[in-house]
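Read through the structure below, which is laid out as structure tokens, and then see the notes.
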Amino acid sequence: MTDVKVKVFFSYSHEDESLRDELAKHLKPLERQNKIEAWHDRKIDPGTDWREELDRQLNSADIILLLVSPSFVHSDFCYCTELEQARKRHDAGEACIIPIFLRPLDLEALEGTPLQTLQGLPEPSKPITKWDNRDEALVLVARGIRIAVSKIQQEKERRQVTQSRELMRQSSLSGRVPDEYYIKRDEAQGTSEADVLIVTVTKIESHAVLQTFEQTTGRRTTAQSIDNRLYFNLGEVNGAKVFLTQSEMGSGGLDASLLTVRKGIDSLSPTAVIMAGIAFGINDQKQAIGEILVTEQLRLYDLQRMGTQDVQPQIILRGDKPHASPWLINHFKSADLLWDGARVRFGVVLTGEKLVDNIDFREQLRSFEPEAIGGEMEGGGLYVACQDKKVDWILVKAICDWADGNKAQDKDARQQTAAQNAAAFVLEALQLAAINWQQRRGKTTKATPNPELHRENANQEVVLPALVMARRSLAILEEQAAGYGKLQIPTHLRIDLEEKRREVAELEARLRDGESNG
């Protein structure tokens, strides 16, 4: 199911306001789950053109609830204006009308209108006020609305999948993105420098970010091809130019986070890189699905030394626990003070190349790092790329499972909840206060993109994980090349091999220099 909110519009007579409020209470769980965004005219701000705002909300609603009563039928505005607009959108397939029968009335006198022809809730013969227990009636109404919400979300997901497949098909066939998604070069001047680059991995994560930002900015996201890679321009948030790119899973593979972030920094020169998405939790007794984990430090668990203790093999983690950028940690902690969404935890996050779904292995990782609040797979590449390029970074992911062998349980729903929460909190932080990005850019001295890796930057904390990832990438490239004859290796693969071999050699030299100087 998609993580897009379904917009719900209340059409009602003010004489039925108390019943509207009672229904809204039963729909509150759907709002808390970020499944719906409910609106009625009491939400119009003072000084706003009420008719213009009401038309805007009605014309953008996915579900229109007609709260039917004698007062609704008596109101010319409800019955003649709102009902007619709703009917046109329903007939065009743009919205779903659901009559909600509040009080008794003669429906036979309304022949030919949606009030008589459409299936309503709870049922015309027994409206809500005729029930001995109104909550029982409202529960039935809320369940019916929830089913409609689910169907609309599934349809939105189907359209998004179709749209994405067509985009990728046209892109792969023609080497370019279709015009309706593409920022033409003359329009893109000045847009290829980002203040913030958001990095995601899965489609669910990417959709959550795209939809969260589109709903807030009101601007349709556009794809921009830069240096043979697609980036999504999310627009400006509080003065910050924000872009999104998607990585493959893991840190060290081809197009995984290390390479993705490094390319993004070279192409967009962001001041900050934020990785947003889903993670596994450590303790299902003290944590909850959807809780947000913000990295203060990373623990790279793939860097290990095999030793012995009391004649028994012992695994010892190597390397330091790198810190996320202090000012970003402070900024997100400040955002948490005003955040009223899912709980946010700050602390140490485990990161490695393994997809963890075994409780014994999870507990082993936990024994390595008792302070860990969760784990994921891409943080190592994020850290190495940003540290090497001198760019600020932070990782924000929410819990979607417990890495206990039950990852498939409610997988889609859990991942969507987690991805939506992480995306919403990232947006909350960016909206918190305007940041002088030019000033921050001046404080961040970034390395100039250069194939030469300078010896004076040798630092075991950075070089060792980078070397592990580079060797893994080289092994993948060499495996691909082995499938060709020596003279048939494609030019691009030959170039990638040469560059990756040179990178491995340079990293090995930096590591040796660092160890000898240490």
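The values are calculated or read from the model by the stated rules, or taken from the named source; none is laboratory data. Please read all numbers here as calculations on a predicted model, not as lab measurements. Note that each Cβ is placed from the backbone with ideal geometry, even for glycine, and that neighbours are counted across all protein chains shown.
Take ARG362 and tell me if it is at pLDDT below 95 and either basic (Lys, Arg) or in a helix (DSSP H, G or I) (or both). Considered against the rule, which asks whether it is at pLDDT below 95 and either basic (Lys, Arg) or in a helix (DSSP H, G or I) (or both), ARG362 comes out as yes. Return yes or no: is ASP45 assigned by TED's automatic domain parsing to the domain that holds LEU138 and not in a helix (DSSP H, G or I)? Yes. For the stretch 40-74, residues that are of a type in the set (A, V, I, L, M, F, W, C) and within 21 Å of ARG143 (Cβ to Cβ) total 7.
Determine if the stretch 466-484 includes at least one residue that is hydroxyl-bearing (Ser, Thr, Tyr), at pLDDT below 70, in a loop (DSSP other than H, G, I, E, B) and in contact with a helix residue (DSSP H, G or I) (Cβ under 9 Å, 6 or more places away or on another chain).
Checking the stretch 466-484: at least one residue is hydroxyl-bearing (Ser, Thr, Tyr), at pLDDT below 70, in a loop (DSSP other than H, G, I, E, B) and in contact with a helix residue (DSSP H, G or I) (Cβ under 9 Å, 6 or more places away or on another chain).
Given the structure, is LEU427 surrounded by 13 or more Cβ atoms within 10 Å (Cβ to Cβ), modelled with pLDDT of 70 or more and not assigned by TED's automatic domain parsing to the domain that holds ALA372? No: the conditions fail for LEU427.
Reported count of residues in the stretch 321-347, each being farther than 17 Å from ALA276 by Cβ and part of a helix (DSSP H, G or I), is 6. In the stretch 271-297, the residues that are at positive phi reach residues that are of a type in the set (Ser, Thr, Tyr) with C-beta atoms within less than 7 angstrom, at least six apart or across chains, in these pairs: GLY277/THR200; GLY277/THR202; GLY290/THR417.
Which residue is surrounded by the fewest Cβ atoms within 10 Å (Cβ to Cβ), if the candidates are limited to the stretch 100-138 and must be outside any helix (DSSP H, G or I) and of a type in the set (A, V, I, L, M)? Filtering first and then ranking leaves LEU118. Are any residues in the stretch 12-51 in contact with an Asp or Glu (Cβ under 9 Å, 6 or more places away or on another chain), buried (at least 19 other Cβ atoms within 10 Å of the Cβ) and of a type in the set (A, V, I, L, M), and if so, which ones? Hits for the stretch 12-51 are ILE36, ALA38.
When only residues in the stretch 171-197 that are touching a Phe, Trp or Tyr at 6+ places or on another chain (Cβ under 7 Å) and closer than 30 Å to LEU355 by Cβ count, which is modelled with the highest pLDDT? Step by step, filter the stretch 171-197, then rank; the result is LEU197.
Selection of the stretch 336-358 for residues being of a type in the set (Gly, Ala, Ser) and either touching a Phe, Trp or Tyr at 6+ places or on another chain (Cβ under 7 Å) or surrounded by fewer than 20 Cβ atoms within 10 Å (Cβ to Cβ) (or both) yields GLY341, GLY347, GLY352.
One residue is enough: does the stretch 213-229 have a residue meeting the conditions buried (at least 20 other Cβ atoms within 10 Å of the Cβ) and not in a helix (DSSP H, G or I)? Within the stretch 213-229, one or more residues are buried (at least 20 other Cβ atoms within 10 Å of the Cβ) and not in a helix (DSSP H, G or I).
Being touching an Asp or Glu at 6+ places or on another chain (Cβ under 7 Å), in the same structural domain as PRO114 (by TED's automatic domain parsing) and part of a helix (DSSP H, G or I) is a property that holds for LEU54.
For GLY375, the conditions (1) of a type outside the set (Lys, Arg); (2) within 18 Å of ALA208 (Cα to Cα); (3) in contact (Cβ under 8 Å) with a residue 24 or more places away in the chain all hold with the exception of (2). Answer yes or no as to whether SER11 is polar (S, T, N, Q) and either closer than 30 Å to GLN416 by Cα or in contact (Cβ under 8 Å) with a residue 24 or more places away in the chain (or both). The answer is yes for SER11. Looking across LYS397, LYS407, one residue alone is in a loop (DSSP other than H, G, I, E, B) and closer than 25 Å to GLY253 by Cα. It is LYS407. Looking only at the stretch 4-23, filter to residues that are within 29 Å of the chain's Cα centre (by Cα) and of a type outside the set (Val, Ile, Thr); which one of those is farthest from GLU155 (Cα to Cα)? The extreme case among them is PHE10.
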